[in-house]
Amino acid sequence: MSRLLEYEPEKRICGLESLIHPYFDELKEEGLLFPTGNCMPDLFNFTAFELGEKPEPEMLEKLIPEWY
């Protein structure tokens, strides 16, 4: 969390990098449901704008699960 709040932009983590954090790994499980039993929305259909100009392949590999 502290890297998201870094004052200097060069040191600040970007949004996609933050999604790679292990905290969000549970969201990458196939067939994940809300506690109410409803299906999760499509979380991995990133637009070109969201991914940036040239996303690093290793980052995409960590961000988007194989099953997707």
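Only the coordinates and a few stated rules stand behind these numbers; no lab work does. Small disclaimer: the values here were computed from a predicted structure and weren't measured. Neighbour counts are summed over all protein chains in view; Cβ atoms, including those assigned to glycine, are modelled from backbone coordinates with ideal geometry.
Summing Lys, Arg as +1 and Asp, Glu as -1, what charge do residues with Cβ under 14 Å from the Cβ of D42 carry, D42 excluded?
With Lys, Arg at +1 and Asp, Glu at -1, the neighbours total -1.
P(r) for the chain: what percent of alpha-carbon pairs falls in each 10 Å bin, starting at zero?
Spelled out per bin, shortest first, that is 17, 44, 31, 8, 0.
For the chain, set up a Gaussian network in which alpha carbons nearer than 10 Å are linked by springs, and say which option among E29, E53, E17 fluctuates the most.
Judging by the Gaussian network model, the answer is E53.
In whole Å, how far is the Cα centre of the range 1-28 from that of the range 33-68?
What the calculation gives is 15 Å, centre to centre.
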